[in-house]
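Everything below concerns the one structure shown next.
The values are calculated or read from the model by the stated rules, or taken from the named source; none is laboratory data. Being a predicted model, the structure only gives us computed values, none of them experimental. So basically every Cβ, Gly included, is an ideal-geometry build from the backbone, and we count neighbours across all protein chains shown. Each accessible area value is taken on the protein alone, full model and side chains, heavy atoms only, with ligands, DNA and RNA left out. Shrake-Rupley method; radii C 1.70, N 1.55, O 1.52, S 1.80 Å.
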Amino acid sequence: MFPGDIWSLPLEKLTFPFKNHDRRKPLRKEGFRKMQRLKSLSVVRRSLQSQSHHNRYTTISAQPQNYSQHNHFQEEVLVEGRAFSRAAILNRPSQLNAITTPMAGRLQRLYESWEDNSHIGFVMMKGSGRAFCSGADMVTIYRLLQEGNVEECKEFFRMLYRFIYHLGTYLKPNLAIMDGITMGGGAGVAVPGMFRIATDKTVFATPEVQMGFHPDAGASFYLSRLPGYLGEFLALTGTRLNGAELVACGLATHYSLNAKLSWVEERLGQLMTDDPSVISDSLAQYGDLVYVDKSSVLHKIERIDKYFCHDTVEEIVDALTASEADDALCSSVLKKMREASPLSLKITLQSIREGRFQPLDQCLAREYSTSLCFISKQVSGDLCEGIRARLVDKDFAPKWDTPSLEAVTKDMVDCYFAPLPDFEPQLNLPTALREPFM
């Protein structure tokens, strides 16, 4: 079920779950017609920008006010140019490359320009230091919310989700080197890649429920498409996966030892192609055989399915509790779930279940509405409390507004899935020009 030799897998399995076209075909054969359509994107982009709310963050990210600010934000996303490719380097190593609004804006602009440039065949993203990307800069979100700057938080989620949609519908081969910590929104900007390279240093997780939030940035799309109920398990527990496990479950396409990454990148830098099969062959040439450890949760998938197939969080907890004495897995899982916000658990389960039947654009739009409900604090302040406990004060003792599953009502959960009010702009995605997919 979990092959040791990933290079024996057919290429169609190495592109799961993002498949908006047959990526085995060279773009020069079937992509140029679509590239012609992108010539009109500049018009749409100007239209979208004109509809945006102009606040401090949008001004900074879209049109820098002075050189020092502009230079600072450029340094947070560096560019590495090769003969026929480009690389975006997330460069906030002391913050584990956590994404900010200006970073999301710069990434969007870079990827748009690279897609339109016929002299660039493929693109990639990587991180500086010991992380690929730890996700959104939740400490900044916390401080903005404490200051009452909700609009700036909204702008962050708008820009990040739009960039993820752009990645998920990208017409050129795009790679993500997931070396080191790859969590939350960091996974969100990695998984849409046509090629996702995991290493022996990769640490993947979606730990948002422990922070009083929900797995977002496209998580309800890609987690819901994992085998069985693995997506529910990962989302509700925040369990970590290593590089070998990512390959086995389909979240990564290739594996390389960290020590060999410089060889991989050197080889990629020499390529003069936009052909995904050539890129894949080059990655395989320097790749390593990967074996899932016997203790991996992936070898417990049948038990995970047994516990997480139920319709409600209460039923999942009851199933785990009933088997706790006989199954050590249940004890560790229950411990993680008891640390999470009960409200977040219920919202997350519903999000994954709905995402299973929605294309990427609908998942992102729904996640956007849910995220706005979280930051509004209309129902609960669990998000701020979770960030405080985990990232600010670091006492790891959050006091949730709804301390038990029984205290979370259906009406409370429904608020997070309700349509945005008329005065609130929807997440504007260019679905007419960039076809969404299942």
The stretch 120-133, subset within 16 Å of ALA176 (Cα to Cα) and part of a loop (DSSP other than H, G, I, E, B), residue most open to solvent (accessible area, probe 1.4 Å): ARG130
Condition first: out of contact with any helix residue (DSSP H, G or I) (no Cβ under 8 Å at 6 or more places or on another chain), open to solvent by 20 Å² or more (accessible area, probe 1.4 Å) and in contact (Cβ under 8 Å) with a residue 12 or more places away in the chain. Now tell me which residues in the stretch 100-117 satisfy that. LEU110
Being outside any loop (DSSP other than H, G, I, E, B), within 17 Å of LEU90 (Cα to Cα) and among the charged types (D, E, K, R), is that true of even one residue in the stretch 168-188? no
Residue among ILE316, ILE375 that is in a helix (DSSP H, G or I), in contact (Cβ under 8 Å) with a residue 60 or more places away in the chain, more than 23 Å from the chain's Cα centre (by Cα) and closer than 22 Å to PRO403 by Cβ: ILE316
Exclusive hit being out of contact with any Cys (no Cβ under 7 Å at 6 or more places or on another chain) and modelled with pLDDT under 95, set LEU175, LEU171: LEU171
Of the residues in the stretch 70-119, those that are under 19 Å from GLY186 (Cα atoms) and outside any helix (DSSP H, G or I) number 14
List the number of the failed condition for THR321; all other conditions in (1) under 25 Å from ASN428 (Cα atoms); (2) open to solvent by 10 Å² or more (accessible area, probe 1.4 Å); (3) of a type in the set (S, T, N, Q) hold. (1)
Just one of LEU251, LEU246, LEU283, LEU234 is closer than 28 Å to HIS166 by Cα, at pLDDT below 95 and open to solvent by less than 10 Å² (accessible area, probe 1.4 Å); which is it? LEU283
Here is a list of conditions, (1) surrounded by 14 or more Cβ atoms within 10 Å (Cβ to Cβ); (2) β-branched (Val, Ile, Thr); (3) without any contact (Cβ under 8 Å) to a residue 40 or more places away in the chain, and THR402 meets all of them except one; can you say which number that is? (3)
